[in-house]
1. Sorted from fewest to most neighbouring beta carbons within 10 Å, what does the list 170, 125 look like?
2. Only one of the values [x] -0.99, -1.21; [y] -0.86, -1.13; [z] -0.77, -1.34 was calculated from this structure for log10 I(q)/I(0) by the Debye sum over Cα atoms at q = 0.14, 0.18 Å⁻¹; name its label.
3. Order by neighbour count: 140, 4, 82, fewest other Cβ atoms within 10 Å first, most last.
4. Classify segment 105-173 as rounded, prolate or oblate from the Cα gyration tensor: take a ≥ b ≥ c as the square roots of its eigenvalues, call it rounded if a/c is under 1.5, otherwise prolate when a/b beats b/c and oblate if not.
5. Once fully extended, how much extra length lies between residue 98 and residue 161, figured as 0.36 nm per residue of separation less the alpha-carbon to alpha-carbon distance?
6. Which value in nm describes the separation of the simple spin-label points at residue 2 and residue 90, placed 7 Å from the Cα toward the beta carbon?
7. Provide the percentage of antiparallel DSSP beta bridges, counting only those with both residues in segment 3-149; round to the nearest 5.
8. Could you put 119, 168 in order, starting from the residue whose Cβ has the fewest other Cβ atoms within 10 Å?
Amino acid sequence: MNLVELLQKRYSCRKYSDKDVDDKDIGKIINHASLAPSAGNLQPWQVIVVKDKLKRYSLSVASLSQTWMKEAPVHLVICGNVNYVKKFYKVKGDLYAKQDCAAFIENILLLAADSGLSTCWVGAFDDAMVKRELSIPENVDVYAIIPLGYSNEKHPNHKKRYDPSIFTFFEKYGNRKQDKSLFPLEKQVSKIKDKSKDIFNKADELVKHSK
């Protein structure tokens, strides 16, 4: 399976079977995910593998009561050692730690899909509750909880993505002038001219407000 096929296969799963996930698969996913790039190769990510049923339930409650999460047999809780990165990059360390761990998380999602497993990147949770449940130190940040398991639902069609010509600029922010051959999808956009015009107008408003 090539990378594009993996990107298409990955989706946010919210229904899981009770089939166990082999520890070897979990280990392989975490090991290969660590090939993600990181500032100064500091690799600030940390992973807590949670299988305990009660803890999974507690994490689902801490995640704004998203109780579907508890059905996944494994939760991967992704943390970042921010202070470690700040030792090298000072105030920028917070940003770099988030970027590094985000790359690590995306690798996990794709590697899981390649192993026939499903995931969901959960970022809505009460930090204090998660830290208390898993004894995470105060100086360590929690970035995501990833339910991991075998899907118990039909793979849905991906939600529509914006045409790249909407969010891609050239040479300076807000400039969309480019060779039309760069984005073949523009041919489709031209067929729905009225809709695309509304989208561009909204995008222009966002650009104006951001200046």
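1. The fewest-first ordering by Cβ neighbours comes to 170, 125.
2. The value computed from this structure is option [x].
3. 4, 140, 82
4. Here segment 105-173 falls in the oblate category.
5. Going from the current span to full extension adds 20.3 nm.
6. The modelled label-to-label distance comes out at 4.5 nm.
7. If we restrict to bridges inside segment 3-149, about 95 percent are antiparallel.
8. 168, 119
Bear in mind these aren't lab numbers, they're just calculated from the coordinates by the rules spelled out. All values derive from a computational prediction rather than experimental measurement. Don't worry about glycine lacking a Cβ; one is built from the backbone with ideal geometry, like all the others, and counts go over all protein chains shown.
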